Amino acid sequence: MPRFLRSLFGQVVLALLIGVALGFAMPDLAIKLKPLGDGFIKLVKMLIPVLVFCVVVHGIAGAGDPSASAASASRR
């Protein structure tokens, strides 16, 4: 397997090309698979707020003692 296809980017590009080719070759199959794609998009939309919340909480928790950072920010 080429090095490009082992990367996530390569796999996404390959899947995109296969999807486009399949859509042109068999449009009826693409119509039947539309609910699968719509479900995937809804799943991603549900996960985005959770990921953002986790990133913010992790950043706040990793900041350490808030009073120490406030004291250093107020010094001139």
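Every read-out reported here was derived from the displayed coordinates using simple, explicitly stated rules and does not represent laboratory data. The structure presented is a predicted model; accordingly, all values stated were derived computationally and were not measured.
Given their separation in residues at 0.36 nm each and the Cα-Cα distance between them, residue 12 and residue 60 gain 14.0 nm when the chain is fully extended.
Full-extension gain between residue 40 and residue 22, please, as 0.36 nm times their residue separation minus the C-alpha to C-alpha distance. Write down the numbers at each step before the final one.
Details: separation 18, 0.36 × 18 = 6.48 nm, distance 1.83 nm.
Length difference between fully extended and current span is 4.7 nm.
Based on every Cα atom in the stretch 1-66, Rg and the maximum pairwise Cα distance Dmax equal 18.7, 60 Å.
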